[in-house]
Amino acid sequence: MIKKLATTIVLLGASVAPAFAHLDPAEHGSFAAGLSHPLFGVDHILAMVAVGLWSALLGGRALWLVPSAFVATMAVGFVAALVGIPLPFVEPVILASVVVIGLLAAAALRVPASAGMAMVGFFALFHGHAHGGELGAAGSLAFGVGFVVATALLHAAGVGIGLGFGRGFGGDAGRLITRVAGGVTALGGVWLALGA
């Protein structure tokens, strides 16, 4: 049990190692650039995994509806950036999303799936807009598909971690560990916001 937890923590930690540049679409292709793009920002990784953690705590239909709402609304934000619709405070809201969604998981806030969808959807709009604004030379469709796939995989990782803790440690203990992971995510967001 402890070995599984340690392995999970090491893998999660390795996935948030800092990267120094995005993939060049001309060299690696637009899909690869889009797929890797969310993986180069700790803020994006923490927010996506937190959505999965909270979804796992909500359970039921929210397990897939909440992450799906994030992905769909993120795509809307991406398109909004591509067509030049401005969105204020993109980076501050992205940082706030890490803290808020982490706190939602830490508190294991019980809301209907529709409310959870709306809450994460708000933040997803800003994440998508940021991706659209950072498109560069990449082809928009392939890049967009790439970052949607990466986001869905990060959500799935969060759900898997949340469900894994629940199964591995059982009921209340598993929920507590998932909530602690949400709290750590929120603290990571605060750390990022303070510019550490």
*Within region 108-121, can you find the residues that are under 16 Å from the mean Cα position of the chain (by Cα) and crowded, with 16+ Cβ neighbours inside 10 Å?*
Gly116, Met117, Met119, Val120, Gly121
*Taking only region 129-170 into account, find how many residues are over 18 Å from Leu65 (Cβ atoms) and part of a helix (DSSP H, G or I).*
22
*Give the residues of region 82-107 that are part of a loop (DSSP other than H, G, I, E, B) and either of a type in the set (Lys, Arg) or surrounded by 14 or more Cβ atoms within 10 Å (Cβ to Cβ) (or both), sorted by residue number.*
Leu87
*Please determine, by comparing only the residues of region 154-196 that are out of contact with any Gly (no Cβ under 9 Å at 6 or more places or on another chain) and within 14 Å of Ala105 (Cβ to Cβ), which one is surrounded by the most Cβ atoms within 10 Å (Cβ to Cβ).*
Arg179
*Residue match in region 171-185 (condition: under 22 Å from Thr73 (Cβ atoms), within 13 Å of the chain's Cα centre (by Cα) and in a helix (DSSP H, G or I))*: yes
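Can you find, within region 122-153, the residue that is farthest from Ile85 (Cα to Cα) among those that are among the β-branched types (Val, Ile, Thr) and surrounded by fewer than 23 Cβ atoms within 10 Å (Cβ to Cβ)?
So the residue we want is Val149.
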*Please determine, by comparing only the residues of region 35-88 that are modelled with pLDDT of 95 or more and of a type in the set (S, T, N, Q), which one is nearest to Leu103 (Cα to Cα).*
Ser55
*Go through the residues of region 111-128 one by one and say whether even a single one is at pLDDT below 95, part of a helix (DSSP H, G or I) and aliphatic (A, V, I, L, M).*
no
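The values are calculated or read from the model by the stated rules, or taken from the named source; none is laboratory data. Keep in mind that this is a model prediction, so the values were computed, not measured. Note that each Cβ is placed from the backbone with ideal geometry, even for glycine, and that neighbours are counted across all protein chains shown.
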